[in-house]
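The structure appears below as structure tokens.
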Amino acid sequence: MDGTAAAAETHAFQAEVAELLNLMVHSVYSETDIFLRELISNASDACDKLRYEAIARPELLAGDERLAIRLKPDKEARTLTIADNGIGMDRQELIDNLGTVARSGTRAFLKSLSEAKEGASLIGQFGVGFYSAFMVADRIEVVSRRAGAAEAWLWTASGGAGFEIAPASEEQAKRVARGTEITLHLKPDAGRYLERFEIERLVRTYSDHILFPIELLGEQDEARQINAASALWQRPKSELKADDYLQAYRSLTLAFDEPALTLHYKVEGRQAYAVLLFVPSTAPFDLGDPTRKGRIKLYVRRVFITDDAELLPPWLRFVRGVVDSEDLPLNISREMLQNNPVVTQIRNGLLGRVLGELESTATKDAAAYEKIWTAFGAVLKEGLYEERERRAQLLGLARFTTTAGELRSLQQYVADLRPGQSEIYYLVGESAERLRSNPKLEAARARGIEVLLLSDPIDAFWTMLPGEFDGRKLQSLSQGDVDFGAIALVDPSAEPKTASAEDAEVLKAVKEALADKVSDVRASQRLTESAACLVASEAGRDRELERLLARQNRGSGAKPILELNMAHELVKALGRAKGEQRGEDVADIAGLLLDQAHILDGEVPEDPAGFARRLNALLLRGLAPPPTS
């Protein structure tokens, strides 16, 4: 290390990095090529950041205005060097950036990677960047100097438990006046990455559209540019082929799948900007990140500004790509972005165009749209809660699992309404399988009524807002009153029992027995086979929403309503017990009905021991021998 070893400091990798490196070093993936794409992408980001910072501080370029990325293979030393003259890193940035993985979902990614036979696509989706180099290198040296800084630093690691950092040697510091130089000491089986034709192939495949020149150094250090370095989004669509878009997608998103939808267009007039957006075909690992940040890069006249401009709402965060404005100032800040009228118009235009393309795809290519919905439907439904002005449009885009089939649209639902049906019925729960066996479906099933089975967590939230589609109200089967009286039974002979004076007495007795455990007890219009179910009041929260909030100690504590099927034998038995003044049986059957209703909703009875006691007591009384005469 040219005399720097004495000053070297040893640092331990973050636990997740150590585990990741262990996977990289000891696992063999079929596609190790991605390491070069990842390192070139990092170099491009460094150049982008310098060009942006130099807007306010032009002295950072210091006579070296041409930003570029250089690749140098050395067969004799068995090293491949990737260098850039971008922003560079100081000592602490080297420790922070190369010693930790500060990304949500790291643990889930590592688990998936360790279980996968083909790891390249997972690495690409997660974007672990620098660490992918350990798939081909057994030692890595990084020399970096922050733009404007006096000192250069050397970071070295061999894929073990830690890394060393020290001041760069005089020779290294002279070589890296600004930016970062990464030297990979290649493994014995990675020799093909020293071949110039192989390097050119990888650059053309993965990094041709990087905006900075990528230069390959020859044996005499002569440089030859090997990428197009053009802003593809600024080129006419007529000049581009499908493969151009595919490689641009993979370069911009660092993904390995193919885009399910591509939007490429220019806006001219009061505002001028170019757009290249992609909808992936598979969900990336960071889709569930709690920050819900988008990944659209904002450029101004081909100068990268930020990827955190929130150009699309969080519920469209799966859309990736580039927006390049001709009108925004180059020195626009994040604070200015929030209130800039040009950015506001771009946001509105992008939102309308993306939703319009999704609608067009849903109409023209149902199979392609179903793939998009399967991957991102749960995220799109966040918009039903957050974007009230677009709610009708989003409901039209939504696809649902229903009692009639999978991926049904509300247009299909309305077209198949039963005679006399005026509402769209739904039921919210943990899974479609459990919902299909929910007793609240019984009366709807008896009348051939289709019901939406909503099992994404967001469903409990967007359905709490009043809503309708095509003039039809959306009605929960677990909240408020339900009246199916205008809809004929599929089997007319299964006419439900009419209410009687005795029913009112039974309901009163059950309510008295349960006291404050329920807010009310009433005859059910929902049940035909089961004895009881629990519902929420019209003014309260739906049952599933109340359960979700209760798990976070944010429940309202509202008591449910117990509905009874007055034609059920157990309810009839309770009526007989009341008529014969068998108070103990009345109390036990009432408690058992409540506990059964909780269980059918997927809940544990409030008092499991009491449930077991009541059940045992009733069984013993039923099995007791008749009295002898």
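Some values worked out for this structure:
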| quantity | calculated |
| --- | --- |
| Close pairs (6 angstrom Cβ cut-off, 6 or more residues apart or separate chains): charged (D, E, K, R) in the range 208-234, at pLDDT 90 or above and buried (at least 18 other Cβ atoms within 10 Å of the Cβ) anywhere | D208/N227; E215/A68; E215/R70; R224/L216 |
| Filter result (β-branched (V, I, T) and either farther than 12 Å from L593 by Cβ or modelled with pLDDT under 90 (or both)) within the range 551-576 | I561 |
| A190, sole failed condition from (1) buried (at least 17 other Cβ atoms within 10 Å of the Cβ); (2) under 30 Å from E59 (Cα atoms); (3) out of contact with any strand residue (DSSP E or B) (no Cβ under 6 Å at 6 or more places or on another chain); (4) not β-branched (V, I, T) | (2) |
| Qualifying residue in the range 368-388 (condition: more than 27 Å from V535 (Cα to Cα) and of a type in the set (S, T, Y)) | yes |
| Inter-residue pairs, beta-carbon under 6 Å, first closer than 8 Å to R447 by Cα and small (G, A, S) and in the range 481-499, second open to solvent by 100 Å² or more (accessible area, probe 1.4 Å) and at pLDDT below 90, 6+ apart | none |
| Sole exception among (1) part of a strand (DSSP E or B); (2) open to solvent by less than 60 Å² (accessible area, probe 1.4 Å); (3) of a type outside the set (V, I, T) for R224, by number | (2) |
| Residue that is farthest from I561 (Cα to Cα) [pool: residues in the range 472-482 that are over 30 Å from the mean Cα position of the chain (by Cα) and open to solvent by less than 30 Å² (accessible area, probe 1.4 Å)] | V482 |
| Residue check, G88 outside any strand (DSSP E or B) and open to solvent by less than 20 Å² (accessible area, probe 1.4 Å) | yes |
| Matching residues in the range 245-273 - criterion: being free of Cβ contacts under 8 Å to residues at least 24 places away in the same chain and of a type in the set (D, E) | E258, E268 |
| Conditions (1) out of contact with any Ser or Thr (no Cβ under 8 Å at 6 or more places or on another chain); (2) buried (at least 19 other Cβ atoms within 10 Å of the Cβ); (3) farther than 23 Å from P313 by Cβ; number of the one not met by W373 | (3) |
| Unique residue being closer than 20 Å to A68 by Cβ and either under 23 Å from the mean Cα position of the chain (by Cα) or small (G, A, S) (or both) when the list is A231, A272, A260, A242 | A231 |
| Every residue from the range 43-60 that is within 26 Å of L21 (Cβ to Cβ) and surrounded by 19 or more Cβ atoms within 10 Å (Cβ to Cβ) | A43, S44, A46 |
| Of all residues in the range 245-262 being at pLDDT 90 or above and farther than 11 Å from T282 by Cβ, the one that is most open to solvent (accessible area, probe 1.4 Å) | T262 |
| The range 193-207: number of residues that are of a type outside the set (F, W, Y) and under 29 Å from the mean Cα position of the chain (by Cα) | 2 |
| Considering residues of the range 472-490 that are part of a loop (DSSP other than H, G, I, E, B) and among the charged types (D, E, K, R) only, the residue nearest to V414 (Cα to Cα) | D483 |
| Some residue of the range 126-136 being modelled with pLDDT of 90 or more and either farther than 22 Å from A283 by Cα or touching a Lys or Arg at 6+ places or on another chain (Cβ under 9 Å) (or both) | yes |
| Every residue from the range 312-364 that is among the basic types (K, R) and in contact (Cβ under 8 Å) with a residue 60 or more places away in the chain | R317, R320, R353 |
| Members of the range 608-622 that are surrounded by 15 or more Cβ atoms within 10 Å (Cβ to Cβ) and among the charged types (D, E, K, R) | R614 |
| Lone qualifier among T106, T32, T79, T10 - being at pLDDT below 90 and either in contact with a Pro (Cβ under 8 Å, 6 or more places away or on another chain) or surrounded by fewer than 18 Cβ atoms within 10 Å (Cβ to Cβ) (or both) | T10 |
| Selection from the range 38-82 of residues that are over 20 Å from R196 (Cβ atoms), out of contact with any Phe, Trp or Tyr (no Cβ under 7 Å at 6 or more places or on another chain) and not charged (D, E, K, R) | S41, A46, L50, A54, I55, A56, P58, L60, L61, A62, G63 |
| Search result, residues across the range 543-572 that are in contact (Cβ under 8 Å) with a residue 24 or more places away in the chain and of a type in the set (A, V, I, L, M) | L545, L548, A558, I561, L562, L564, M566, A567, L570, V571 |
| Test: E529 is in a loop (DSSP other than H, G, I, E, B), open to solvent by 70 Å² or more (accessible area, probe 1.4 Å) and modelled with pLDDT of 90 or more | yes |
| Test: residue in the range 325-347 that is over 18 Å from the mean Cα position of the chain (by Cα), under 19 Å from Q234 (Cα atoms), acidic (D, E) and crowded, with 18+ Cβ neighbours inside 10 Å | no |
| Helices (runs of 4 or more DSSP H) within the range 378-471 that include 2 or more residues crowded, with 18+ Cβ neighbours inside 10 Å and touching a residue at least 24 places away in the same chain (Cβ under 8 Å) | 382-386, 391-397, 410-415, 442-446, 459-462 |
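The values are calculated or read from the model by the stated rules, or taken from the named source; none is laboratory data. This structure is a prediction, so every number in the text was calculated from the model and none was measured. In this analysis, Cβ positions are derived from the backbone assuming ideal geometry, glycine residues included, and neighbour counts consider all displayed protein chains. Calculation scope for accessible area: heavy atoms of the full protein, side chains included, ligands and nucleic acids excluded. Shrake-Rupley method; radii C 1.70, N 1.55, O 1.52, S 1.80 Å.
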